[in-house]
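Structure record follows, encoded as structure tokens.
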Amino acid sequence: MKFKRTAKPRLSELPIAAIIPEPGNSKHYSTGDWRSLRPVIDREKCTRCGLCWIYCPDTAIIKAEEGRRYYVDLNYCKGCGICAEECPVKAITMVMEEEP
Amino acid sequence: MENLVEVRWYGRGGQGAVTAADLSAYAAIEEGKHAQAFPSFGPERRGAPVVAFSKFSDKPILSRSDIYSPDVVIVLDPTLFKSVNVMEGLKPNGILMVNTSRSAEELLRKHEFLENVKLGVLNATRIAMDVLKMPIVNTAMLGSFVRATGLVRLETVIELVKRRFHGAAGEKNAEAVRRAYNETIIGWDA
Amino acid sequence: MKRVGMECATAVAHAVKLARVDVIAAYPITPQTHIAEQLSEYVANGELDAEYINTESEHSALSACIGASATGARVFTATCGQGLALMHELLPIAAGWRLPIVMVNTNRSLSPNLNIWGDQSDSMASRDCGWIQFFAENAQELFDLVMMGFRIAEDERVLLPIMVNAKGFYCTHVIEPLNVLDQEEVDKFLPPKKIPEYALNPDKPTTWGSVAFPDIQTEIKKQWDDALRSSINVIREVFSEYSSLFNRNYDIVETYRMDDAEIGLILTGYACGTCRVAVDALREEGEKVGMIKLRVFRPFPFDEVIDASSNLKALAVFDEAVSFGGAGGPLFSEVRSALYNSEGKPQVLGFIQGIGGRDITTDDFIRAYRETKSVLLGEKTVERDFRFLQVRE
């Protein structure tokens, strides 16, 4: 089992004024670990309205390039359940994450 | 309990790990002992892994630094195993108390990192769902903490839980503590 | 008096409540928040009969405190970090106007970067603002220093505001046992506040803080400095009275295992507890080491520091703040200066640690001790005699 270990920067590696030069680097912070519940989309029921994608506060629902198919980015999904709550056809179920 | 006993509580923000650590310290202080409790300080976020500390001793506790070599580790949420090294610094033959639906044997089989520990298990989630109708396991884990360590008395904890959560909530949580105490399975002679 | 388990922040609020404060004006800032929240709860539910003013910033909070205190009210506030920095222009006014405001400053690191954890950069950046400054080690000291604070501040020989410093989180969010006084005991120790003759009062108008030309500003500041320096006598008196009344042991400077020590570790605040554990461990190895703890930082306790260091060969001074470009950490430079003409004149080294809430461990003290001993034995040198202790190079 691998444990995540974020390397702490050293004095010699620190950019001036600790300014972060790379935009959008919050992508490196994977919050998927915070989840206790996981959204599961029933493809049969899904009408591809896109509301889950609009509502997700973490932009953790991704719109596929073709066919307007939506899927959950489990690297970031925190399991808040807003997508399940807002889905107009109840195509999303929140499922308990399993014990490892 | 002459020497310092240090306990780490692992949970997720919103599960009550900090409250559990606090109550464990209040219980010890109520019994005339010395104790300290504090969270791993920082911004609080629901779901994020959280660590809380409590220290126990018969003598005044002077050190105010973090806990690096705990004697006891309590894990409120087993999914934390995926991302947090809960065993870090745990003293050889230290106590590891886990909220899990699995048996101790299964856990030991599944996770090779669980070596050299006194392992205790409890399905605290089931107790919480039965009694509280919510998966908030902190009071149940308090019960298992008492069973596994004997650092404080069960009745002290129950009294404090009733005071902390008033009325019906107090009674229900107290029941969770008691059930947990009775159902905790410890793999050593305590 | 009774023994209870309390969060440090609650102990502060409890002391303020028992002290029958009249006015509280505060703005929330982590990690002071629990103090402000608890106090507002006491006022809301009637446990504390006081005016709680919710200001829109710390600048206004201290302004409100100053206004209230000038009318003769007993006033309390709490803040830290950026909040204390925002109050900065008002700090000298509170002191120069001789207002006995008590403030708990939950030591928080000044930005940049955005760090909510504890270090002394906030209070050290305000060390010359003319306030009395204490450092608390734990919940018991916080409770007692706040209680004694009102008594000392309001003493007619003092009449100065007091900043009680306590490390953010490590001395605010920790639950521990302490002995709290009951209302009767407090009422006997802390009489109702006297309203000065000159207090702001529409029926007896006075003028405060008028223009002062170069021909008078010096005398004004000297009067204030004299008052701050001589307040140490009153502090000593009150510490002694409180100690005998309530079975405590308060000295301006506290020593631990210093009797035959050759090297001393000198510091303030929460880390003193951990330092004692390090001293014990070193003593087990036969090292002749002890700890000197400063409870009072302003006025600087010259006599006590000189006395405690008198038989030492070397002194390691621990700072939890950086004096950028300065002659060492703040406490280090002041201690060294105070010892310049002392008889024994120990070698003085400075170590900076605990910045931004980085944990201070017994190992840190032991490392610093061993380094001090090496320097004393001529085995190594430290550039300019001070350095950061915990840097990842």
* Asked: Equivalent-ellipsoid semi-axes (√(5λ), Cα gyration tensor) for chain C, whole Å, largest first?
  -> 35, 23, 20
* **Isotropic mean projected area of the C-alpha convex hull, the range C:95-175 (nm²)** => 5.4 nm²
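Calculate the FRET efficiency for B:Leu108 and B:Lys82 from the Cβ-Cβ distance with a Förster distance of 25 Å, rounded to the nearest 0.05.
Values: r = 17 Å, r/R0 = 0.69.
Calculated value: 0.90.
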* Would you be so kind as to identify which of B:Gly13, B:Leu107, B:Val121 lies farthest towards the positive end of the dipole of the range B:5-185, taking Lys and Arg as +1 and Asp and Glu as -1 on Cβ and the Cα centre as origin? => B:Gly13
* Picking from C:Gln82, C:Tyr250, B:Ser54, whose Cα lies most toward the positive end of the charge dipole for the protein assembly as shown (charges on Cβ: Lys, Arg +1; Asp, Glu -1)? -> B:Ser54
* Virtual spin-label span in nm between B:Lys118 and A:Ile20, 7 Å along Cα→Cβ -> 4.4 nm
* What is the distance, in nm, between label points placed 7 Å from the Cα along the Cα-to-Cβ direction at C:Ala199 and at B:Asp130? -> 6.3 nm
* Structure fact -> Each label sits 7 Å from Cα toward the beta-carbon; between C:Thr206 and C:Ser374 the label points are separated, in nm, by 5.8 nm
* Structure fact -> Net charge (Lys, Arg +1; Asp, Glu -1) of residues whose beta-carbon lies under 13 Å from that of B:Val72, B:Val72 excluded, is +3
* Structure fact -> For the range B:97-184, shape from the Cα gyration tensor axes a ≥ b ≥ c, cut at a/c of 1.5 then a/b versus b/c, turns out oblate
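Which whole DSSP H helices in chain C pass both tests: a Cα extent of 27 Å or more along the axis and a mean Kyte-Doolittle value no lower than -0.5? Could the numbers behind the result be given before it?
On the way: long enough: C:214-246 (48 Å, -0.47).
Helices passing the filter in chain C: C:214-246.
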* R0 of 30 Å, Cβ-Cβ distance C:Gln347-C:Leu114: FRET efficiency to nearest 0.05 -> 0.20
* Two-site FRET efficiency, C:Asp303 against A:Lys45, from Cβ-Cβ distance with R₀ of 56 Å, rounded to 0.05 -> 0.10
* To do: Determine which residues of the range A:80-100 fall in the zone a paramagnetic label at A:Arg38 would reach in this model, i.e. backbone nitrogen under 17 Å from the point 7 Å along Cα→Cβ.
  => A:80-84, A:92-100
* Take peptides C:128-138, C:284-294 and line them up by average Cβ neighbours within 10 Å, highest first, as a rough protection proxy. => C:128-138, C:284-294
* Asked: Shielding of B:73-83 by partners, i.e. mean partner chain Cβ atoms within 10 Å per residue?
  -> 4
* **Test item: Cα-centred dipole of chain A, Lys/Arg +1 and Asp/Glu -1 on Cβ, debye** => 180 debye
* Structure fact -> By the mean-Cβ-within-10 Å protection proxy, highest first, C:12-25, B:165-178, A:44-57 rank as C:12-25, B:165-178, A:44-57
* Structure fact -> Kirkwood calc, chain A, C-alpha pairs only, radius in angstrom 15.8 Å
* Taking the Cα centre of the range C:253-388 as origin and charging only Cβ (+1 Lys, Arg; -1 Asp, Glu), how large is the dipole, in debye to the nearest 20? -> 260 debye
* Modelled label reach - B:Arg153, point 7 Å along Cα→Cβ, the range B:173-187 residues with backbone N closer than 17 Å -> B:178
* Taking 0.36 nm per intervening residue step and subtracting the Cα-Cα distance, what contour gain separates C:Arg157 from C:Glu56 on full extension? -> 33.0 nm
* To do: Evaluate peptide A:10-17: per residue, the Cβ atoms of other protein chains within 10 Å of its Cβ; return the mean as an integer.
  => 2
* Asked: Which of the trypsin sites (Lys or Arg not before Pro) found in the range C:307-393 are in a DSSP loop and have at most 12 neighbouring Cβ atoms, other than their own, within 10 Å?
  -> C:Lys380, C:Arg392
* **Values of log10 I(q)/I(0), in the order q = 0.16, 0.18 Å⁻¹, for chain B under a Debye, Cα-only, solvent-free model** => -0.95, -1.24
* **Within the range C:1-152: Cβ-based charge dipole about Cα centre, in debye rounded to nearest 20 (Lys, Arg +1; Asp, Glu -1)** => 400 debye
* **Sparse-neighbourhood loop sites, trypsin sites (Lys or Arg not before Pro) in the range C:108-205 - DSSP loop, at most 13 other Cβ within 10 angstrom** => C:Arg157, C:Lys194
* Asked: To the nearest whole percent, what portion of all C-alpha pairs in the protein assembly as shown is separated by more than 45 angstrom?
  -> 28 percent
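Every number in this text was worked out from the coordinates using simple rules, so none of it is lab data. Small disclaimer: the values here were computed from a predicted structure and weren't measured. Cβ sites come from the backbone with ideal geometry, for glycine too, and all protein chains shown count toward neighbours.
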